[in-house]
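Asks: Take a look at this one; I'll ask things after.
The numbers here are math on the coordinates, done by the rules we state, and not lab data. The structure presented is a predicted model; accordingly, all values stated were derived computationally and were not measured. Because the Cβ atoms are built from the backbone with ideal geometry, glycine has one as well, and the counts that use them run over all protein chains shown.
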Amino acid sequence: MRWTKLKVHIKPEAVEAVSDGVLGLGIEGIQIEDNFLSEQDRASMFVDYTDDELIPLDEYRIVVYLDETMDVDQVNRDIDKEVQRIREYMDVGSGSVTIELMPDEDYENKWKEYYQPFRVGDHMIITPIWETPEVEKDDVLIKINPGMAFGSGTHETTSMCVEMLQSINLADKTMVDIGTGSGILGIVGAKLGAQQVVAVDIDPNAVTVAKENAVSNDVSEIMVVKEGDLLDQVTGRSEVVVANILADVIMAISEPVKQVIAKGGIFISSGILASRAQEVKAVLVEAGYEILDVVIKGEWAAIKATLNE
């Protein structure tokens, strides 16, 4: 089957918002490229809608594979509408698109070759559901099928959240995972001893995938997955709240999220560009949080804070 590769060039901070928008169009799976165009990439391009010299070097790419039954021009127009919609409230970058005709390959499953089991923090292995990794004594195994949701666990933002969750005694505590995606952080919380996890996502595809992953990890009785806009599905107060979203969203919810955090509770936030960590930290402090830790990996940062109000 002949496939077409469509790449949307955006700023790193817009990756999650644009990814969610693309998946909302019914695209079955995406790939994120955070390295620059290689010479091999350039040589392989049969069709190029954009002069590469016009694409800023600090932009990432969301890659979509379209089979020959799909209308490439229509998908391109639909994605452009999503990018322009998101541009109204955040800087997405150029939004440029490159389109390549690809040789016959099984691209629907080819991405799975690059998603392999890996370790995060202490004694935790995250593995795609189709792999059977070797485990050692005391290892905690998290099985994930990203499906059409955002989050395989390989990104620095997720791994920092996992490590911060491991630094907390979650035994018998309640936890909220805001913007759960594939459900990975909620599952980690349940595996680390949380007695109840509420995982929320606005994307119905993510909700479906997160529920399936909860079942695969035998935590469906602990982890409740709800569809909704951030906090509108959360009631009561929890000892731990995790939000791996975007810097702007974290700052926007810093005040309202206080209504669902128990006194002395922990707020873990990630999806923050390292260059904006101080800005987010300042907003959290202004809102009454005490900063416990700031971790930076590559271009990304995660913040652990507590609320004593």
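Asks: Which peptide among 6-18, 269-281 comes first, and what is the full order, when sorted by highest mean count of other Cβ atoms within 10 Å?
Replies: On the way: 6-18: 22.7, 269-281: 20.2.
The most tightly packed comes first, giving 6-18, 269-281.
Asks: Here is a follow-up. How do the peptides 172-180, 62-70 rank, highest first, by the average count of neighbouring beta carbon atoms within 10 Å per residue? Before the final figure, lay out the partial values.
Replies: Working: 172-180: 24.9, 62-70: 16.8.
Going by the mean number of other Cβ atoms within 10 Å, highest first, we get 172-180, 62-70.
Asks: A further question follows. Based on the mean of other beta carbon atoms within 10 Å per residue, what is the order of 248-255, 282-289, most packed first?
Replies: Details: 248-255: 18.5, 282-289: 16.0.
Going by the mean number of other Cβ atoms within 10 Å, highest first, we get 248-255, 282-289.
Asks: Determine the gain in length on full extension of the stretch Asp80-Ser94; use 0.36 nm per residue of separation and subtract their C-alpha separation, reporting nm with one decimal.
Replies: Numbers: separation 14, 0.36 × 14 = 5.04 nm, distance 1.11 nm.
Once the chain is fully extended between Asp80 and Ser94, it gains 3.9 nm.
Asks: Another question, then. With equal scatterers on the alpha carbons only and no solvent term, can you work out the Debye log10 of I(q)/I(0) for the range 161-201 at 0.14, 0.19, 0.23, 0.25 1/Å?
Replies: -0.24, -0.44, -0.65, -0.76
Asks: Averaging the inverse of every distinct alpha carbon separation and then flipping it gives the Kirkwood radius. What is it for the range 262-309, in angstrom units?
Replies: Working: mean 1/r = 0.0935 Å⁻¹.
About 10.7 Å for the range 262-309.
Asks: Only bridges whose two residues both fall in the range 158-258 count here: according to DSSP, what percent of them are antiparallel, nearest 5? Could you put the intermediate results ahead of the total?
Replies: Details: 0 of 14 bridges.
Among the beta bridges of the range 158-258, antiparallel pairing accounts for roughly 0 percent.
Asks: 7 Å from Cα along Cα→Cβ at both Leu292 and His123: what's the point-to-point distance in nm?
Replies: Each label point is offset 7 Å from its Cα along the Cβ direction, giving 2.0 nm.
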